[in-house]
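Throughout, read-outs are computed from the coordinates displayed, never taken from laboratory work. Bear in mind that the values here come from a model prediction, so they are computed numbers and not experimental data. FYI the Cβ positions are ideal-geometry reconstructions off the backbone, even for glycines, and counts take in every protein chain you see.
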Amino acid sequence: MKHLTFVMSLAAVLSLAFTNPVEKAVAYKVDVAGSAVKWTAYKVTGKHFGKITLKTGSLEMSKTKLGKASFEVDMTTLTVEDITGEYADKLKGHLLSDDFFSVEKHKTAKFVSTKIVPNGKPNGFSVTGDLTIKGITKPITFDAIVKNEAGKVKGTAAIKVDRTNYDVKYGSGKFFQGLGDKAIYDEFDLEVSLVASK
């Protein structure tokens, strides 16, 4: 009887293995031209926003599971889009300067995933990884929606970044007193939209 039970159990396991094969992960290269990164920063009196161009990126995904994700942005391409003319040029120059992102010394910023798990939402994942800005690397976690459609992987993520973790302290109430309406909030947002193909 025990032998029969063992045989039946083994058959059930083998049947499950063959009917539910392990999904094979495939590497996808991010289409830089078809992808985008938008930044939004906030201050007491309002906000500013613009874009940064992707330099490289890659995703590793099976049919339904995201395994790895990484991308690098070219900080020299940073734009300001909520204002125009002289004021936009002035703000851009300030953001590129040592007061903020020291772009002459640190021309790129990058993210590399270390752990990705489903978050319970349709096509949703909780992504943890290392974000490097100004040569400083810190762990960060955010939610992403990633779909595998018609041979392409499309993903979006909203990432909230505390700039003071990366030695960007200008106008921060954490480090300077009496700023009043000149204060700039520590957190800024990145909206990342990636399209990748084999």
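Between Ser70 and Ala158, the distance separating the two model label sites (each 7 Å from Cα on the Cα→Cβ line) works out to 2.8 nm.
In the structure shown, the pairs Lys29/Lys92; Lys90/Lys154; Lys154/Lys182 are assessed against 32 Å; a Cα-Cα span above that value is assigned to Lys90/Lys154; Lys154/Lys182. Available extension along the chain between Asn119 and Thr137 is 4.0 nm, counting 0.36 nm per residue and deducting the alpha carbon span.
Selection among Gly50, Val168, Val32 by position relative to the dipole of the chain gives Val32 as farthest towards the positive end (Cβ unit charges, Cα centre).
Stretched out straight at 0.36 nm per residue, the stretch from Lys107 to Tyr87 would grow longer than its current Cα-Cα span by 4.9 nm.
Just how large is the dipole of region 96-190 about the Cα centre, in debye to the nearest 20, putting +1 at every Lys and Arg Cβ and -1 at every Asp and Glu Cβ? Don't skip to the answer; put the middle values down first.
Numbers: 15 positive and 12 negative charges, 73 e Å.
It comes to approximately 340 debye.
With 0.36 nm allotted per residue and the present C-alpha distance subtracted, the Lys198-Lys169 stretch has 6.4 nm of extension available. To the nearest 10 degrees, how steep is helix 85-96 against the longest Cα principal axis of the chain, on a 0 to 90 scale? So the inclination is approximately 60 degrees.
Computed from label points 7 Å out along Cα-Cβ, the spacing between Thr77 and Asp98 is 2.8 nm.
From its DSSP helices (H runs of at least four residues, each -39,500 (n - 2.57)), the chain gives a residue-normalised ellipticity at 222 nm of -5000 deg cm²/dmol.
Tally Lys/Arg at +1 and Asp/Glu at -1 over every other residue whose Cβ is under 9 Å from the Cβ of Ile116; what's the total?
After counting each charged neighbour, the total is +3.
The angle separating the long axis of helix 2-19 from the principal Cα axis of greatest extent in the chain is about 40 degrees. Note on the chain: Rg/Rh from Cα positions, Kirkwood definition for Rh, rounded to two decimals, is 1.16.
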